[in-house]
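The values are calculated or read from the model by the stated rules, or taken from the named source; none is laboratory data. Quick caveat, the model's predicted, so the values are computed rather than measured. When the accessible area is computed, the model is the full protein with side chains, heavy atoms only, and any ligands, DNA or RNA have been set aside. Shrake-Rupley method; radii C 1.70, N 1.55, O 1.52, S 1.80 Å.
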Amino acid sequence: MSQSDPAPAPATPLLSVQGLRKAYGDNEVLKGIDLEVQRGQVVTLIGPSGSGKTTVLRSLNGLETPDAGILRFQDGPEVDFSRGLPDRTRFALRDRSAMVFQHHNLFPHMTVLENVIEGPLRVQRRPRVTVIAEAEALLERVGLADKRDAYPHRLSGGQQQRVGIVRALALQPSLLLFDEPTSALDPELVGDVLKVMTELASEGWTMVVVTHELAFARQVADEVVFMDAGIVVERGDPKQIFTAPQHERTQRFLDRILRPLD
């Protein structure tokens with residue numbers, strides 16, 4: 001590029017959040033959070049319990065209504081939370097993102113297939129034949145094709161969580177949100193879920209992941225965001241965060257959580 005050529009314009013983020021604040025009574029759980037997520041990026045939120053990570057994640061999907069802050073989706077809604085969150089805007093957020101919960105949240109009275117197709121059929125009103133074919137293909141890819149007609153109580157925790165991921169994928173969202181998706185699983189089941197998530201990352205899915213699986217964050221994330229006490233203490237690429245953190249709070253957290261695993 002010659003000196004006269006203009007510098008390329010920075011990419012518009014798929015999602016940006018500025019000044020996110022949330023309090024429950026006197027407990028201020030978010031104290032001005034800024035976050036940007038580029039299309040195809042994997043961002044992991046790490047930090048001690050109670051640091052506000054899940055509240056951030058739920059705000060992106062309209063499951064929480066922050067007290068203040070601006071959220072912008074590329075080619076989508078712009079939300080000023082200080083003015084509340086009308087249902088129309090909440091639905092617009094959920095049309096662009098899908099959540100995978102910590103405790104699966106599958107409908108117990110529905111089969112695996114019925115759980116997966118519920119959103120595309122009832123919310124998105126897409127053709128039933130198309131939705132079922134896509135759901136069956138997704139179940140095949142996560143190794144659960146033979147569980148199509150099973151009910152959730154017949155599945156292991158890891159299988160239920162993989163169904164939860166398939167249910168999110170079936171909505172064809174721009175953004176996948178994961179709220180500690182392995183924390184409720186027995187240790188021997190964690191690997192199956194992380195394998196699916198790693199494959200999704202390699203395929204270019206945009207993901208924001210709240211996790212205590214620091215090995216996953218270190219190996220898969222494009223950016224790691226360390227939160228504590230409702231603020232972003234530090235953010236950066238995994239190598240920088242895990243090998244040369246700049247803040248003492250980050251270092252203390254990693255010393256307490258990560259170092260015994262090395």
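The table below gives the values:
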| quantity | calculated |
| --- | --- |
| DSSP beta bridges in the chain [antiparallel fraction, %, rounded to 5] | 55 |
| Ellipticity estimate at 222 nm from DSSP helix runs (n ≥ 4, -39,500 (n - 2.57)) divided over the chain, nearest 500 | -10500 deg cm²/dmol |
| Most mobile of A68, A170, A145 in a GNM of the chain (Cα contacts under 10 Å) | A145 |
| Spatial separation of Cα centroids for segment 137-157 and segment 209-226, in angstrom | 27 |
| DSSP beta bridges in segment 9-157 [antiparallel fraction, %, rounded to 5] | 100 |
| Heavy-atom accessible surface of segment 116-256: percent carbon and sulfur, 1.4 Å | 48 |
| Solvent exposure of the chain as accessible area per residue, Å², 1.4 Å probe | 49 |
| Shape category assigned to segment 61-172 from the gyration tensor of Cα positions, a/c cut at 1.5 | prolate |
| Degrees separating the helix 248-257 axis from the principal Cα axis of the chain, which is the longest one | 40 |
| Rounded to 5, percent antiparallel among DSSP beta bridges of segment 19-103 | 100 |
| Part-to-part distance (alpha-carbon centres) for segment 231-245 and segment 110-131, which is given in Å | 40 |
| 0 to 90° range, to nearest 10: angle between helix 128-141 axis and the chain longest Cα axis | 70 |
| For the chain, built as a Gaussian network whose Cα springs stay under 10 Å, the top-fluctuating residue of L85, L171, L60 | L85 |
| Non-local Lys pairs in the chain, i.e. 8 or more apart or on different chains, that have alpha carbons under 22 Å apart | 6 |
| Principal-axis tilt of helix 187-202 within the chain, Cα atoms, nearest 10 degrees | 70 |
